[in-house]
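Values quoted throughout were computed directly from the atomic coordinates according to the rules given, and no laboratory measurement underlies them. The shown structure was predicted, so the numbers you read here are calculated from the model rather than taken from an experiment. Cβ placement follows ideal geometry from the backbone for every residue including glycine, while neighbour counts extend to all protein chains displayed.
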Amino acid sequence: MNWACCRRANTGRASAAAGRTYQASRLAMVFGHLGLVMCVVRLGVLRRLQRGFAAAGQMALTNYIAQTLICIALFYDFGFGLYRRFERYQLYLIVLAIAAVQMAWSLVWLRHFRFGPLEWVWRSLTYLQRQPMARGQALAGAPLQAT
């Protein structure tokens, strides 16, 4: 008897059975991660990190473009040409470093200004009127409020 064909058939059946529950288990895992994040937020754990994420999110366009330019400078040949020079774990460290710098920079920037630089340009173009950038300046048509 040819056992190799039976082994292959069993592998196919096991794979098909796993495939039927794969999407449901992925969804359950997503809800688990979401629940964990919500518990951390509600308990107030890592409040400083939350403020950093909030500031980076408020300057999302600026940070996205800055991150793109940083990575182009690091990895393309006309920059430092570091493409394929790092292991995956090293790339994670680079990602964490860029994110940390952007969060810190966003916090400092938003202490002095209402918006990120590119968000200000976008907002000014949207309203067809130069928007006040510095904190303490009144928005067009809005009363000045203490911040």
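Orientation-averaged projection of the chain equals 16.3 nm² [convex hull of Cα atoms, one quarter of hull surface area].
The modelled label-to-label distance between Met38 and Arg26, using points 7 Å beyond Cα along the C-beta direction, is 2.2 nm. May I ask which residue of Gly32, Ile94, Pro132 lies farthest towards the positive end of the charge dipole of the chain, with charges of +1 (Lys, Arg) and -1 (Asp, Glu) on Cβ and the Cα centre as origin? My answer, from the dipole projection, is Gly32.
For the residues Phe115, Phe31, Phe53, a GNM of the chain with alpha-carbon springs under 10 Å puts the largest fluctuation on Phe31.
About its Cα centre, the dipole of the chain is roughly 460 debye, where the only charges are +1 on Lys and Arg Cβ and -1 on Asp and Glu Cβ. Distance from the Cα centroid of segment 77-124 to that of segment 52-70 is 6 Å (rounded to whole angstrom).
Net length available on complete extension from Leu46 to Phe78 is 7.6 nm, with 0.36 nm assigned per residue and the Cα-Cα distance removed.
Fully extending the segment from Tyr127 to Leu69, taken as 0.36 nm per residue of separation minus the present Cα-Cα distance, adds 18.1 nm.
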